[in-house]
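*Asks:* Pasting a structure below so you can have a look.
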Amino acid sequence: QSQLVESGGGLVQPGGSLRLSCAVSGLTVNHYAIGWFRQAPGKEREGVGCISSSGGDTNYADSVKGRFTVSRDNAKNTVYLHLSSVKPEDTAVYYCAAAYTLRVLVRSTIPCPSRQEYEYWGRGTQVTVSS
């Protein structure tokens with residue numbers, strides 16, 4: 001059974017840092033590109049960033065570029081989202097999602113795959129930025 005499980009969310013002060021993890025099971029993780037998304041109350045789910053199956057390429061939404069970093073450790077079947085210099089508007093439920101690498105393209109020069117291109121989703125982890 002394919003499963004993605006996010007963890008690491010919590011309460012963080014503005015300007016602080018947090019690392020989210022996405023543990024992948026039931027999939028050959030190095031065959032999948034991973035995307036991170038977030039959804040704030042009353043808002044649409046939006047893409048935050050993505051990473052290619054090998055980890056060699058990443059891209060980010062403009063709103064988080066320079067502050068968030070996606071990385072992965074395929075040996076541990078885990079993908080990470082490092083949040084830094086967080087702002088109250090970063091408050092949301094954060095989700096990871098997997099897309100088969102032969103069906104999508106992840107490059108630093110083109111936008112991340114759209115939400116509809118991801119096949120597997122986690123249930124999310126809450127991040128709250130507040131003093």
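The values are calculated or read from the model by the stated rules, or taken from the named source; none is laboratory data. Just so it is clear, the model here is predicted, and its values are computed rather than measured. Quick reminder, even Gly has a Cβ in these numbers, built from the backbone with ideal geometry, and neighbours come from all protein chains shown. Surface areas here come from the heavy atoms of the whole protein model, side chains and all, with no ligands, DNA or RNA. Shrake-Rupley method; radii C 1.70, N 1.55, O 1.52, S 1.80 Å.
*Asks:* Within the stretch 100-115, which residues are under 21 Å from S25 (Cα atoms) and either without any contact (Cβ under 8 Å) to a residue 12 or more places away in the chain or open to solvent by 50 Å² or more (accessible area, probe 1.4 Å) (or both)?
*Replies:* Within the stretch 100-115, Y100, L102, R103, R115 qualify.
*Asks:* Okay, next question. What pairs can you find where one residue is in the stretch 31-60 and over 18 Å from E6 (Cβ atoms), the other is β-branched (V, I, T) and surrounded by fewer than 20 Cβ atoms within 10 Å (Cβ to Cβ), and their Cβ atoms are less than 6 Å apart, with a gap of 6+ or different chains?
*Replies:* Taking only residues 6 or more apart or on different chains, the pairs are H31/T101; S53/T101.
*Asks:* Here's another thing I want to ask about it. For the stretch 86-108, check the following and say yes or no: at least one residue is in a loop (DSSP other than H, G, I, E, B), out of contact with any Ser or Thr (no Cβ under 8 Å at 6 or more places or on another chain) and at pLDDT 95 or above.
*Replies:* Yes, the stretch 86-108 has at least one match.
*Asks:* Also, quick follow-up: Quickly run through the stretch 74-85 and pick out the residues that are in contact with a strand residue (DSSP E or B) (Cβ under 8 Å, 6 or more places away or on another chain) and either part of a loop (DSSP other than H, G, I, E, B) or hydroxyl-bearing (S, T, Y) (or both).
*Replies:* N77, T78, Y80, S84
*Asks:* Another question, if that's okay. Kindly indicate which of S54, S130 is open to solvent by 80 Å² or more (accessible area, probe 1.4 Å) and touching a helix residue (DSSP H, G or I) at 6+ places or on another chain (Cβ under 8 Å).
*Replies:* S54
*Asks:* All but one of (1) on the phi > 0 side of the Ramachandran plot; (2) buried (at least 20 other Cβ atoms within 10 Å of the Cβ) hold for G42, so report the exception by its number.
*Replies:* (2)
*Asks:* Please tell me if S71 is in contact (Cβ under 8 Å) with a residue 24 or more places away in the chain, out of contact with any Asp or Glu (no Cβ under 7 Å at 6 or more places or on another chain) and either under 15 Å from N30 (Cβ atoms) or outside any strand (DSSP E or B) (or both). Break it down into steps so the answer makes sense when it comes.
*Replies:* Details: in contact (Cβ under 8 Å) with a residue 24 or more places away in the chain: no; out of contact with any Asp or Glu (no Cβ under 7 Å at 6 or more places or on another chain): yes; either under 15 Å from N30 (Cβ atoms) or outside any strand (DSSP E or B) (or both): yes.
In short, no.
*Asks:* Also, quick follow-up: Run down A97, A23, A75 and say which single residue is closer than 14 Å to G122 by Cα, surrounded by fewer than 17 Cβ atoms within 10 Å (Cβ to Cβ) and not hydroxyl-bearing (S, T, Y).
*Replies:* A23
*Asks:* Right, something else. Applying the selection to the stretch 111-127, what residues are in a strand (DSSP E or B) and within 22 Å of K65 (Cβ to Cβ)? Spell out the reasoning first.
*Replies:* Quick first cut of the stretch 111-127, residues in a strand (DSSP E or B) only: 120-121, 125-127.
Those that are in a strand (DSSP E or B) and within 22 Å of K65 (Cβ to Cβ): T125, V127.
*Asks:* How many residues does the stretch 1-27 contain that are within 24 Å of P111 (Cα to Cα) and of a type outside the set (A, V, I, L, M, F, W, C)?
*Replies:* So the count comes out to 3.
*Asks:* Name the residues in the stretch 1-20 that are touching a Lys or Arg at 6+ places or on another chain (Cβ under 9 Å) and either open to solvent by 60 Å² or more (accessible area, probe 1.4 Å) or aromatic (F, W, Y) (or both), would you? It would help to see each step written out before you state the result.
*Replies:* The first filter runs over the stretch 1-20 and keeps only residues touching a Lys or Arg at 6+ places or on another chain (Cβ under 9 Å), leaving 4-6, 8, 14-15.
Matches in the stretch 1-20: V5, P14.
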